[in-house]
């Protein structure tokens, strides 16, 4: 019976151990390569509320880029930032980094930071997504299950919320969570 429960938990992306695949204890200890090839230490975002989103240009949820940009512009002066991580894990981001950035800027007027196109699922997922999915596993699967999943990180670097692709950035629950996080002290 115990073996069955362990296998079931593993299937759901849950683990019985506290083993971690990343040594970071805090989001602001991480780094990633931006879309232009420059390494960015997330310590530069320390004290900000961060919304991390995996994106794709050819997805049915791609219009969420417009809502993400509106949210970024609305709250940026209060210490809010959106970080986009394009990925072809779901076969909907065929372009290279130049095409990804050009599309987001031209079609949706995006000005928030984009990072290098890289995996957000599986054994090869980038460290940022190792951290996010360890700290906030999904209901059924630990990994990201589709494009435009959203993770909210508070000013202390803690992952406090996770939303599926179908949850729009303009939804009441996302807006309320962002505003609450922005209102909390460091």
Restricting the stretch 66-89 to residues that are without any contact (Cβ under 8 Å) to a residue 60 or more places away in the chain, crowded, with 18+ Cβ neighbours inside 10 Å and in contact with a strand residue (DSSP E or B) (Cβ under 9 Å, 6 or more places away or on another chain), which is farthest from residue 168 (Cα to Cα)? 89
Among the numbered criteria (1) touching a residue at least 40 places away in the same chain (Cβ under 8 Å); (2) surrounded by fewer than 20 Cβ atoms within 10 Å (Cβ to Cβ), which one does residue 95 miss? (1)
The stretch 43-65, residues that are over 25 Å from residue 166 (Cα atoms) and free of Cβ contacts under 8 Å to residues at least 40 places away in the same chain: 43, 44, 45
Consider only pairs whose beta carbons are under 6 Å apart and that are at least six residues apart or on different chains; among these, list those whose first residue lies in the stretch 118-135 and is closer than 23 Å to residue 37 by Cβ and whose second residue is at pLDDT 95 or above and part of a helix (DSSP H, G or I). 120/129
Residues located in the stretch 1-46, provided they are modelled with pLDDT under 50, in a loop (DSSP other than H, G, I, E, B) and loosely packed, with under 13 Cβ neighbours inside 10 Å: 1, 16, 17, 18, 19
Of the listed residues (100, 110), the one being touching a helix residue (DSSP H, G or I) at 6+ places or on another chain (Cβ under 6 Å) and either surrounded by fewer than 21 Cβ atoms within 10 Å (Cβ to Cβ) or at pLDDT 95 or above (or both) is 110
Could you please let me know if residue 124 is over 16 Å from residue 59 (Cα atoms) and in contact with a strand residue (DSSP E or B) (Cβ under 7 Å, 6 or more places away or on another chain)? no
Give the residues of the stretch 118-134 that are surrounded by fewer than 20 Cβ atoms within 10 Å (Cβ to Cβ) and either closer than 22 Å to residue 80 by Cβ or over 13 Å from the mean Cα position of the chain (by Cα) (or both), sorted by residue number. 122, 123, 124
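The values are calculated or read from the model by the stated rules, or taken from the named source; none is laboratory data. All figures in this text were calculated on a predicted structure; none of them were measured in a lab. Don't worry about glycine lacking a Cβ; one is built from the backbone with ideal geometry, like all the others, and counts go over all protein chains shown.
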